[in-house]
């Protein structure tokens, strides 16, 4: 291949790749240091009541992957936004739930199939989260996926033609091939070093909040705490409740978490920094236990219990207790399942 042809392919591919490489390089840094970048997501909620005619059509479409056109028009007139093409539609006997993930945020809404009550939320996590999701091609759709393929092809052409040009003009530059070799060895040693580095200890609790087939559903309040062998509270790990109610009204219902309330809640000043949080919707929720494991060094040896308690308005209450022995000398993996308010519970701890 002639040098001029290689140069032409090189500069054309470089022009095509220029903005993409810049974008992917910047978002590579923001993704690698995501924990350093603070962001306050913007959450907008909406609620309404579906008219009887549209509700009847929606109920008749139960189980379908496509929602009636009349419902699409009604939804857009109320919210000012269309239902996305990648909407995740879930049906049960009492409710329609639609998730609409997007780069840098997400949206969801539910429709009560008995009375037509509609409630939903839209979350925007900002421009950095948006470009980070573009980098990962997360919830971006087919067009962006096609762009990633074309960009990757152009990048391959750019690098291969660059290598060919190096081979043609390297005679007068003795440092060319040592630098090329360094470009290979540096990431290789970084990978090897990462593989032999001490692994990050796992300390996580996953809590499944089940999707219940009930006419009136409220996300459960939930408390997680560590207790000693006498079942006295040692430290609170997480307390989820309705933070949005006016005049801290949500705190009044914490008494429904009976075990936690008797042992800790009645003496606590809410909210508790690093512990309190909003209620979670159905699905798998993760709780980082790194802070808890660091406190193990200050605790005496013996038997302890990790309590998970959930209580739901117009619902029931459930409590799961996980025993653990301190000091922790070997990895602990514990799983259990609730019967109604809690689903699968998994505790993972490493010494």
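The values are calculated or read from the model by the stated rules, or taken from the named source; none is laboratory data. Remember, predicted model here, so these are calculated numbers, not experimental data. With ideal geometry, Cβ positions are generated from the backbone for all residues, glycine too; neighbour counts draw on all protein chains shown.
Just a few scattered comments:
- The set of residues from region 281-318 being farther than 19 Å from residue 231 by Cβ, in contact with a strand residue (DSSP E or B) (Cβ under 8 Å, 6 or more places away or on another chain) and either crowded, with 16+ Cβ neighbours inside 10 Å or not assigned by TED's automatic domain parsing to the domain that holds residue 233 (or both) comprises 282, 285, 287, 289, 293, 312.
- Hits in region 50-78 (condition: more than 17 Å from residue 112 (Cβ to Cβ) and in a helix (DSSP H, G or I)): 69, 70, 72, 73, 76, 77
- Residue 30, sole failed condition from (1) modelled with pLDDT of 90 or more; (2) in a helix (DSSP H, G or I); (3) surrounded by 13 or more Cβ atoms within 10 Å (Cβ to Cβ): (1)
- Some residue of region 5-20 being in the same structural domain as residue 134 (by TED's automatic domain parsing), under 29 Å from the mean Cα position of the chain (by Cα) and assigned to a helix (DSSP H, G or I): yes
- Subset of region 235-262 [out of contact with any helix residue (DSSP H, G or I) (no Cβ under 8 Å at 6 or more places or on another chain), over 13 Å from residue 308 (Cα atoms) and either surrounded by 13 or more Cβ atoms within 10 Å (Cβ to Cβ) or not assigned by TED's automatic domain parsing to the domain that holds residue 345 (or both)]: 250, 251, 253, 256
- Boolean, residue 110 is outside the structural domain of residue 281 (by TED's automatic domain parsing), assigned to a loop (DSSP other than H, G, I, E, B), over 30 Å from residue 156 (Cα atoms) and touching a strand residue (DSSP E or B) at 6+ places or on another chain (Cβ under 6 Å): no
- Picking from residues in region 113-138 that are surrounded by fewer than 17 Cβ atoms within 10 Å (Cβ to Cβ) and part of a loop (DSSP other than H, G, I, E, B), the one that is modelled with the lowest pLDDT is 138.
- Region 52-64 residues that are within 15 Å of residue 110 (Cα to Cα), paired with ones that are assigned to a helix (DSSP H, G or I) (beta carbon under 7 Å, 6 or more apart): 54/70; 54/71; 54/74; 58/71
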